[in-house]
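The values are calculated or read from the model by the stated rules, or taken from the named source; none is laboratory data. What you are looking at is a predicted structure, and each value in this text was computed from that prediction instead of being measured. All Cβ positions, glycine included, derive from the backbone under ideal geometry; neighbour counts span all protein chains shown.
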Amino acid sequence: MKIRSMLKSLRGGAEGEAREGAGELVPFKGYVENRYETPYVDPLSDEDLAELNRLLKWRCFTADARGRRFGDAAWAGKRCEPQTIPDPKIVLMHERFDLSDKHVLEVGCFEGVHTIGLSLFARRVTAIDARMENVVKTIVRCALFGHHPTVFKHDVERRDADTEPLRADLAHHVGVLYHLKDPVQHLLDLGTHIGRGLMLDTHYAEEAEAVETYEAAGRVYKYKKYFEGGQADPFSGMYDHAKWLRLEDIAAVLKEAGFPVVEVVEKRVERNGPRVLLFAAKA
């Protein structure tokens, strides 16, 4: 465990040094794909936009209507293309649930790209993230696109946190579950403050990988232990490890949480392991 953490720290340090020493990792202008009207960025001079890009440690970027970069790449080889708005999964979510009259909770807003996509369809959007830096970046990006969702810091694994502000019709839950140390309790918690359903996109453990067990809500669950970089790594969970559940257990816990209709839309294999996109709905 110490060796794995050390390697992660070294990797993060090397990426940070490369970022600082290389200047711009990707071009400032000239983007053709994924150009979007950005009402309060498009009128900015190149100098003002460059300053905006320097003010925060952006880890992804969008392209404005003039093909200029708003934000930055994470590091060489990571988030080096303009992000798509809306993400195709959000379009699927809208087709499945009709977001036009719904309040959507976005779990893990990162830097606001999905928040903007949700705001294009939903009546109301609440976005949360465990990192204060991501909260600030989401507020800034959304405001400059002309959207004003409710955004605040919230760690979904803190048992003493107030969950009343999380009440919503639907949850947009992408890239978060596999970063949690207690994913079972989190899924059960969703049943208490999400009224209609959710879209979940997450890694999961294959049967042969789920060699460890833990107890949650009075039951024992198998899981794959995945080491995380902690708070210092912007693409990690907040703790030293996460528990990847088996897909069958994810579906079972969602049903126990009050979402009896679980529809697997897609399974895919990615660099870090198998991943699933599913919808879950209450009766």
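General observations
- Residue count, segment 260-281 (criterion: assigned to a strand (DSSP E or B), exposed (fewer than 12 other Cβ atoms within 10 Å of the Cβ) and of a type outside the set (A, V, I, L, M)): 3
- Note on segment 114-125: residues that are in contact with an Asp or Glu (Cβ under 9 Å, 6 or more places away or on another chain) and crowded, with 24+ Cβ neighbours inside 10 Å total 6.
- If you filter segment 52-86 down to residues that are assigned to a loop (DSSP other than H, G, I, E, B) and free of Cβ contacts under 8 Å to residues at least 40 places away in the same chain, you find that the one that is surrounded by the fewest Cβ atoms within 10 Å (Cβ to Cβ) is GLY77.
Residue-wise test of (1) outside the structural domain of LYS267 (by TED's automatic domain parsing); (2) farther than 19 Å from PHE279 by Cβ; (3) modelled with pLDDT of 95 or more; (4) not in a helix (DSSP H, G or I).
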| site | (1), (2), (3), (4) |
| --- | --- |
| ALA127 | no, yes, yes, yes |
| ASN134 | no, yes, yes, no |
| VAL140 | no, yes, yes, no |
| ASP160 | no, yes, no, yes |
| ALA171 | no, no, yes, yes |
| TYR178 | no, no, yes, no |
| LEU188 | no, no, yes, no |
| ARG196 | no, no, yes, yes |
| ASP201 | no, no, yes, yes |
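- A Cβ distance below 8 Å, combined with a sequence gap of six or more or placement on separate chains, defines the contacts here; from segment 261-283, residues that are closer than 20 Å to ALA168 by Cα reach residues that are modelled with pLDDT under 95 in the pairs VAL261/ALA283.
- Look at (1) in contact with a helix residue (DSSP H, G or I) (Cβ under 8 Å, 6 or more places away or on another chain); (2) on the phi > 0 side of the Ramachandran plot and you find that GLY218 fails only one, number (1).
- Sub-8 Å Cβ pairs linking a first residue in segment 150-163 that is within 12 Å of GLU106 (Cα to Cα) to a second residue that is assigned to a strand (DSSP E or B) and of a type in the set (Lys, Arg), at least 6 apart or interchain, are THR150/ARG124, ordered by first then second residue.
- Restricting segment 155-167 to residues that are touching a helix residue (DSSP H, G or I) at 6+ places or on another chain (Cβ under 7 Å) and not acidic (Asp, Glu), the residue that is nearest to ILE250 (Cα to Cα): VAL156
- Checking each residue in segment 222-248 for being within 22 Å of THR192 (Cβ to Cβ) and surrounded by fewer than 20 Cβ atoms within 10 Å (Cβ to Cβ) picks out only MET238.
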